[in-house]
Structure formats: C-alpha cells, structure tokens
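Comments concern the structure below.
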Amino acid sequence: MRSLLLGLSLLMVQLALGSGCASSAIEVSSENPKGPAEISLSTTSDTARVTLGDSRFRIQLRSITDSRCPANAKCIWQGELAAELSVDRERDGKRDSKRFTLGQETMPSLTTLDATFDLLQISETTVELRMTPDTERR
C-alpha cells in the first residue's frame, strides 16, 4: 500500500510539472442527446466525458478487479471481473459524485445520478458501458 501511495504521489508530481504521460479523456456524444450513450474505457484511456440532456458526466475507470477462480483450482464461487468507477455529474450549476463497482455477476447494472449504467463487456484491461438517462428507461 505504501509503494502504491508513493507511486501515485510521483505520478501527480510529474503531471503537475507537465512531464508525465497522462491518459486522455474520451469525449462521448450520443446521436440522440437524450441517450443512451455507449462508453469504452481502458486502463490507458480511463476517463470519458458524456453530455446527455442537460447533464454533463465525467466517468473515470478507477480499477479493474479480477477475482475469478484460477485454472485447476476448486473454488466456492467462480469470481468475476469488476470495474470500479467514479462518476461526476454537473447539472444546473450543481455537482454530484458517486463511486461504485459494476461486476459481471454481482452488479451488472446500477441506477444513480439520474442515469443507469449497464456493464456490456469487461476484460482485464477494458470496460464497455451503456449509459441511459432515467427518463429514457420509463
């Protein structure tokens, strides 16, 4: 944990000085501004900015966790791939944030911040999501 914090601190210093390699933000816009929007994130492009209706979202892939059972092992539970996400929503001058995990088995879909996030596909390095405003799901 200590080495992780040190590594993150060094990365932040590099980014502040402009000498680091930062992942680029992906701009996602749906043909229909009311949604849905499909988003692909990877460990190299970990942030997407999405505008749906009167809300602007920033979705960040924090990590991908692999708890699947190793080959040739006897496990009680098969495990899963899961993505930890941070979502910021800005609307009417207000900002709300949520941090949550979407997993193949435990929680493939979640409604929060007036949108539903559906896990479409996940691998060890990539996540594909569909984001639908609540008004579209009714």
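The values are calculated or read from the model by the stated rules, or taken from the named source; none is laboratory data. Keep in mind that what you see is a predicted model, and the values were worked out from it rather than measured. Heads up, the Cβs are rebuilt from the backbone with ideal geometry, glycines too, and the neighbour counts pull from every protein chain shown.
When the residues of segment 31-73 are filtered to those that are surrounded by 13 or more Cβ atoms within 10 Å (Cβ to Cβ) and among the acidic types (Asp, Glu), the one that is farthest from Thr135 (Cα to Cα) is Asp46.
Residue by residue, here is whether (1) more than 21 Å from Gln104 (Cβ to Cβ); (2) touching a strand residue (DSSP E or B) at 6+ places or on another chain (Cβ under 6 Å); (3) modelled with pLDDT under 85 holds:
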position	(1), (2), (3)
Ala25	yes, yes, yes
Pro33	yes, no, yes
Glu38	no, yes, no
Gln60	no, yes, no
Ser67	no, no, no
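Could you tell me which residue of segment 88-101 is nearest to Thr112 (Cα to Cα), considering only residues that are surrounded by fewer than 10 Cβ atoms within 10 Å (Cβ to Cβ) and without any contact (Cβ under 8 Å) to a residue 24 or more places away in the chain?
Start the filter on segment 88-101 by keeping residues that are surrounded by fewer than 10 Cβ atoms within 10 Å (Cβ to Cβ), which leaves 92-94.
Of the ones still in play, those that are also without any contact (Cβ under 8 Å) to a residue 24 or more places away in the chain are 93-94.
Values: Gly93: 18, Lys94: 15 Å.
Per the stated criteria, the residue is Lys94.
If the condition is being free of Cβ contacts under 8 Å to residues at least 24 places away in the same chain and either closer than 12 Å to Thr106 by Cβ or charged (D, E, K, R) (or both), then segment 72-87 contributes Lys74, Trp77, Gly79, Glu84.
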